[in-house]
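Worksheet: one structure, shown below.
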Amino acid sequence: MGVGSLGSIQEGDHMAGSQGAHAIVRAYETDEGDGARVTRLFPGREMRDLDPFVLLDEFNLSPMGGFPNHAHRGFEAVTYMLEGEFHHRDTMGNDSVVSAGGVQRFTAGRGLVHSEMPGRGPRNRGLQLWVNLPRHLKRVEPSYQQVEPESVPVRRVGTSIVRTIVGEGSPVRLRTPVRYLDISLEPVGMYLGSIPQDWRGLVYVLEGHVSLHGTEAWHGDSIELVPGETFTIMALNGPARLALLSGRPLGEPIIHNGTFVD
Ligand code: FE
């Protein structure tokens, strides 16, 4: 599983970080599914992938749009709801609603068909992350996991509230070592963190305006992290919320074939 092997992350470490260049990439809007638009960070022109991650979408669906039956294979996905609801049905017989704060993971493996439709409310907002499967696991049996909001670990770290979507304490299970946090910052609050030397990671801004060592970012922006570096993210001009995503690269080719990753 790998998600338990996170001992090298030094949260709260007060060493000064280096002032390396932090690449900023802005998500772009694109049509998906049936009458839906998503804000996609990657794959795109500016960022093809962030091995082991192959796609990151922010969606905000009205009841008029959604993702009717479609097929996937070759990767795992984590959907994390920020607002509203998301109704999932698949060929494994799952039929369930993921509500705000809840997480769904599916492992497409050798293949599944599912639909992902919005709840009845006006806003159904969340993040969907695709994680590549290592070559030897591309054909695994498909599987599904749902984690209710109250089972997502929450803790206060200084001036931030941290929810662990994937990583230490979270029940969400992936085949690749990943750490995925939802961090809410109070006005002028800050968060100190780092990612291991051999991992890759980024911060994606969900709300507000933040600064990471002088690089400023707003909703829809991401800042790539420097592996091994201790970084500080500060909320500017009010509260802020961000997703902090990191994982150990697989170092294998990522072949996109529509909704498949081969
Ligand atoms: Fe899908």
- Note on the structure: Exception for Arg123 within (1) modelled with pLDDT of 95 or more; (2) of a type outside the set (Val, Ile, Thr); (3) within 25 Å of Arg26 (Cα to Cα) falls at (1)
- Out of the residues in region 190-224 that are among the aliphatic types (A, V, I, L, M) and closer than 18 Å to Gly44 by Cβ, which is surrounded by the most Cβ atoms within 10 Å (Cβ to Cβ)? Val203
- Task: Tell me, yes or no, whether region 145-166 has at least one residue that is assigned to a strand (DSSP E or B) and within 16 Å of the ligand (Cβ to nearest atom).
- Result: yes
- Note on the structure: Picking from Met81, Met92, the residue that is among the hydrophobic types (A, V, I, L, M, F, W, C) and open to solvent by 10 Å² or more (accessible area, probe 1.4 Å) would be Met92
- Query: So which residues in region 57-81 are within 12 Å of the ligand (Cβ to nearest atom) and among the polar types (S, T, N, Q)?
  - Reply: Asn69, Thr79
- Residue list for region 98-116, restricted to those being more than 19 Å from the chain's Cα centre (by Cα) and aliphatic (A, V, I, L, M): Leu112, Val113
- Residue, nearest to the ligand (Cβ to nearest atom), within region 107-119, restricted to residues that are surrounded by 16 or more Cβ atoms within 10 Å (Cβ to Cβ) and not in a strand (DSSP E or B): Ala108
- Index of the failed condition, Ile183 passing every other in (1) open to solvent by less than 10 Å² (accessible area, probe 1.4 Å); (2) closer than 30 Å to Arg135 by Cα; (3) more than 16 Å from the ligand (Cβ to nearest atom): (2)
- Those residues of region 120-133 which are open to solvent by 10 Å² or more (accessible area, probe 1.4 Å) and either more than 13 Å from the ligand (Cβ to nearest atom) or assigned to a loop (DSSP other than H, G, I, E, B) (or both) amount to Arg120, Gly121, Pro122, Arg123, Arg125
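The values are calculated or read from the model by the stated rules, or taken from the named source; none is laboratory data. For clarity, every value in this text was computed on a predicted model and none was experimentally measured. Ideal geometry is used to build each Cβ from the backbone, glycine not excepted, and the neighbour counts take in all protein chains shown. To get the accessible areas, we keep the full protein, side chains included, count just its heavy atoms, and leave off ligands, DNA and RNA. Shrake-Rupley method; radii C 1.70, N 1.55, O 1.52, S 1.80 Å.
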